[in-house]
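The next block holds one structure in the form of structure tokens; read it before the comments.
The values are calculated or read from the model by the stated rules, or taken from the named source; none is laboratory data. Since the structure is predicted, the reported quantities are computational estimates derived from the model, not experimental observations. Here the Cβ is made from the backbone with ideal geometry for all residues, glycine too, and neighbour counts use every protein chain on show. In case anyone asks, the SASA skips ligands and DNA or RNA and just uses the protein heavy atoms, side chains included. Shrake-Rupley method; radii C 1.70, N 1.55, O 1.52, S 1.80 Å.
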Amino acid sequence: MSETLEALRTLLDRSAAVHRVVARGAGLGDHEMAVLQHLVPGPVGPAQIARRLEVTSAAATGIVDRLVARGYVERRPHAADRRRTEVHLTETGRVELRGRLMPMFRAVLALDDQFDEAERAVVARYLRGAIAALDEVAGRGGEPRGT
């Protein structure tokens, strides 16, 4: 196995471990943590949460209920269709995620600063290819999903 493939395999393993450690540290389950991460880019509907987590609507409702109870998310009426709701990450939820992940973000930013633009372009191309390979296995057809 090449050094890059070995490093990628290790990165994927460590990423899963970080997800679990951060979730446990925040007193959350894996699905609850995944919902918070899905909400970072913006609000999503309950049905979309169920699809992303591959759980039933009832299970997604329970997950959201637990996050609402902790103050990490809130339900709001959909801006365009008041019959629908959206789940929004609260400032409390954002602070919780940021606080637990910031050391990692700082270290990765410092690493990124060590590369010039040409090196970053090669790394980005490699990572986009790896993402596409993962998406193919996950049945996403290369379509990025919010995480």
| task | Give me the accessible area per residue for the chain, probe 1.4 Å, as a whole number in Å². | result | 66
| said: Using only the Cα atoms of the stretch 66-106, what semi-axes does the equivalent ellipsoid have when each is the square root of 5 times a gyration tensor eigenvalue? Give whole Å, largest first. | reply: 26, 11, 6
| field | Note, ³J(HN,Hα) from phi for the stretch 115-129, Karplus 6.51, -1.76, 1.60, rounded to Hz, x at Gly and Pro | value | 9, 8, 4, 5, 5, 4, 5, 5, 4, 4, 4, 4, 5, 4, x
| field | Positive dipole terminus of the chain, leading residue within Thr10, Gly27, Thr61 (C-beta point charges) | value | Thr61
| query | Considering only protein heavy atoms and a 1.4 Å probe, what is the carbon-and-sulfur percentage of the accessible area of the chain? | reply | 58
| note | extent check for the stretch 1-100: Cα max minus min per principal axis, descending, whole Å, gives 53, 24, 22
| Tell me, in nm to one decimal, what length is gained between Val21 and His78 on full extension, where the rule is 0.36 nm per residue of separation less the Cα-Cα distance? | 17.2 nm
| query | Calculated from DSSP H runs of 4 or more alone, at -39500 (n - 2.57) each and per residue, what is the 222 nm mean residue ellipticity of the chain, nearest 500? | reply | -22500 deg cm²/dmol
| Ratio of the stretch 75-130's C-alpha Rg to 2.2 N^0.38 Å, to two decimals? | 1.80
